Amino acid sequence: MASQVMTNLDPKSRAAAKGLSDLTIRNLFIIPTIAFLIIFNIFPLLYSLAYSFTDFRASTRAPANFVGLQNYRDLLSDPFIWSNFSITAKYVLISVTGQVLVGFGLAMLLNRAIPAKGLITTLLLLPMMLSMAVVGLFWKLLYDPNFGIINYFLGLEKFEWLADPDMALYAIAIVDIWMWAPFVMLLSLAGLSAVPKHLYEAAEIDRASGLYTFFRITLPLVAPILMIAIIFRTMEAFKTFDLAYVLSSQPTTELIAIRLYKMAFQEWQTGMSSAFAYIVLIMVVAITNIYVKYLNKVKAR
Amino acid sequence: MAQIDIQNVQKFFGQHQVLKDLNLTIEDGEFVVMLGQSGGGKTTALRAIAGLETVTSGKILINGEEVQNRKAADRDIAFVFQSFSLYPHMTVRENIAFPLRAVRMNAADRDRAVKAVAETLQIAQHLDRKPSALSGGDMQRVAIGRALVRRPQALLMDEPLGVLDAKLREQMRAEIKRLHIARGSTSVYVTHDQIEAMSLADRIVILHDGVLQQVGAPDQVYLQPTNLFVAKFVGSPVMNVSDVRIDGNNVRLNGAEAGFRFPDETLSTVRHAEAGLTLGVRPEAVLLAHHQGEGYVPVVTTNIEPLGSHDIVDVQLGGTVLRSRTASGFVSGEGQQVWVRLDPAQAHFFDKATGLNMRGAN
Ligand SMILES: Nc1ncnc2c1ncn2[C@@H]1O[C@H](COP(=O)(O)OP(=O)(O)OP(=O)(O)O)[C@@H](O)[C@H]1O
Ligand SMILES: [Mg+2]
């Protein structure tokens, strides 16, 4: 298919006049991209893989010693690291579940003829377009126990959202939900509006209740696109850094990305943190794979 | 099974009136076909009966109960959509079982009902397939199966064979008829194909521009059309139509020198509308002969359509082309001299202003 397109070079075109073959033109487009990818992605990836087997520290001039799998062994047996992982898992679960519930709910509300639908949709999408750090900063103000507007409206007096070790993770998740539920909403809306209207009419004729129609028709037909939204959001939530870093510095909110940052750039354990990064990478790939398998199963239905 | 009564139903979409004072009673067990051109309001009428569309005014009664304000689910009516509307993510079995599961019928009864319907419709071997893996005819069978599985009050079908090819249509038509005879369900069937209408209907309802034109048995609609629209819409090839002048017993077609002699009893009912009359004769009432005879007018053939079982021969008379249905091979070619006569018993006279059939057949 692709080669067919490329051989169809118009013989009267300027490229043809200059004697450029199809192959030359193709290479002209592809080589810079490949070069860019290798220099900025592949090479650092492999380089850090090499570091992950050493005790290298970027802060000293000491030569790197090969330590084999020692870094990996240390990390995987470190209880603190596991606590980072379980905090992250909890965060991902709360945040993604919240985004899906809120986002899909909003999409259901918007998927009908309502006045000013376009305007409402646009307004709802705004949080998504802001920078994470900015969002973190102004939510910090909103959460403030002394003058924060949230406590004022909820009548919570001096409730400590971010200083309370049990509450802080939820507080961060709430911000993430506020910011990214619109993303889920957008994809869900696309999915919902792709469900043919006549199927709902058929269901009505078949005397299905609203709830039955939702679970047997709407949800199965929107599931594939909802899965895609969930994959994206899970991956993003898994590597959340800025929001949590700006909002709170509690041990109970130390997500893996923050732990990794500290290890690499505060403790300068470059080799160790490279190994850590690889463990995280493998996990993300594994989780994504599970999702994609499930997605394919949903799509096959 | 049920009787459906439609009383003074009007339907507006904004300013646009789609149904104009519709009155119709569909008897229990009857097969009624709604026939009409595109945009005539057939689908709207059917959807109004089903409850998929509200009516602006008027009543719809099922078994004597007013239902016009009830939701579709509460009317217990089945509907076969033109686009089939099968649930794409469910197997054939799940599709047919859907109306039963939706009302929580127990699994054993459900399976039995699904199996029975699948066997009647000859789709038992496809039960575990997805709709996308079926042919058009089988999809239609599934759609009908889903409608029949729960024994509804009435079965409404909106051009169910519209997307099938000609051969399959004919086959499915016969099957729908057979099913109807077997189950005796009150059925309303929408189509714009008159052959489908003729072959299926107990009664045909002709809708045009939201106005009911005629209700009657197929032969009645064909032989005694109430107005020019029905006359031209039903029958293939189309009825020959020409403005005429009547002098005494002589009926002269628009622009023709010679006229046809009609007996008194034919003309007695039409004389009083001499202001403007339109004559309609079906091709089988245009009689051709090779020799001059009593009441025949000489003409020249202009075109011949050989259709195997018979031919359609065009002859030019004045400003009018008359199409005649003849035995095949009756006329050998174009440009031949033949003689033509009209059968007075099968001639219709329509008032030019109102389009009404002057012989008051109906
Ligand atoms: N939802 C709607 N909103 C506005 N106008 C509509 C709507 N549905 C139908 N109409 C109009 O009503 C008229 C009748 O439509 P309807 O679908 O009932 O015709 P039909 O006889 O079924 O035609 P067809 O043979 O093409 O299916 C058409 O002019 C159509 O444009
Ligand atoms: Mg229609």
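Scan the strands (runs of 3 or more DSSP E) fully inside the range B:290-361 and keep the ones with 1 or more residues being of a type in the set (S, T, Y) and closer than 13 Å to B:L279 by Cα.
Answer list for the range B:290-361: B:320-327.
Which one of these is within 14 Å of another protein chain (Cβ to nearest Cβ) and away from ligand 2 (no atom under 16 Å from the Cβ): B:T25, B:T44, B:T54?
Exactly one residue qualifies, and that residue is B:T54.
Just a yes or no: is a residue in the range B:191-198 more than 16 Å from ligand 1 (Cβ to nearest atom) and either farther than 15 Å from B:G355 by Cα or touching a residue at least 24 places away in the same chain (Cβ under 8 Å) (or both)?
Checking the range B:191-198: at least one residue is more than 16 Å from ligand 1 (Cβ to nearest atom) and either farther than 15 Å from B:G355 by Cα or touching a residue at least 24 places away in the same chain (Cβ under 8 Å) (or both).
Select, from B:A97, B:A108, the only residue that is surrounded by fewer than 18 Cβ atoms within 10 Å (Cβ to Cβ) and away from ligand 2 (no atom under 16 Å from the Cβ).
Checking each option against the conditions leaves just B:A108.
Sort out which residues of the range B:28-39 are within 13 Å of ligand 2 (Cβ to nearest atom) and either among the aromatic types (F, W, Y) or surrounded by fewer than 23 Cβ atoms within 10 Å (Cβ to Cβ) (or both), and write them in order of number.
Selection gives B:Q37, B:S38, B:G39.
Just need a number here: residues in the range A:181-239 that are over 25 Å from A:A286 (Cα atoms) and within 14 Å of chain B (Cβ to nearest Cβ).
28
Which one of the conditions (1) out of contact with any Lys or Arg (no Cβ under 6 Å at 6 or more places or on another chain); (2) within 19 Å of A:N71 (Cβ to Cβ) does A:T270 fail to meet, given that it meets all the rest?
(1)
For B:L179, indicate whether it is of a type in the set (A, V, I, L, M, F, W, C), within 16 Å of ligand 1 (Cβ to nearest atom) and within 18 Å of B:V32 (Cβ to Cβ).
So B:L179 fails the test.
For A:I149, work out the one condition from (1) of a type outside the set (S, T, Y); (2) surrounded by fewer than 19 Cβ atoms within 10 Å (Cβ to Cβ); (3) within 14 Å of another protein chain (Cβ to nearest Cβ) it doesn't fulfil.
Against the list (1) of a type outside the set (S, T, Y); (2) surrounded by fewer than 19 Cβ atoms within 10 Å (Cβ to Cβ); (3) within 14 Å of another protein chain (Cβ to nearest Cβ), A:I149 comes up short only on (3).
Name the residues in the range B:297-312 that are touching a residue at least 24 places away in the same chain (Cβ under 8 Å) and farther than 11 Å from B:P237 by Cα, would you?
Of everything in the range B:297-312, those that are touching a residue at least 24 places away in the same chain (Cβ under 8 Å) and farther than 11 Å from B:P237 by Cα turn out to be B:V297, B:P298, B:V299, B:V300, B:T301, B:T302, B:N303, B:I304.
Confirm whether B:V117 is assigned by TED's automatic domain parsing to the domain that holds B:T186, within 26 Å of A:K297 (Cα to Cα) and in contact with a helix residue (DSSP H, G or I) (Cβ under 7 Å, 6 or more places away or on another chain).
Spelling it out, it is not the case that B:V117 is assigned by TED's automatic domain parsing to the domain that holds B:T186, within 26 Å of A:K297 (Cα to Cα) and in contact with a helix residue (DSSP H, G or I) (Cβ under 7 Å, 6 or more places away or on another chain).
Starting from the range B:36-47, take each residue that is over 21 Å from B:I195 (Cβ atoms) and list its partners that are assigned to a loop (DSSP other than H, G, I, E, B), counting only C-beta distances under 7 angstrom and pairs at least six apart or across chains.
B:G41/B:G210; B:T44/B:E53; B:R47/B:E53
The values are calculated or read from the model by the stated rules, or taken from the named source; none is laboratory data. Just so we're clear, the structure is a prediction, and the values are computed from it rather than from any experiment. All Cβ positions, glycine included, derive from the backbone under ideal geometry; neighbour counts span all protein chains shown.
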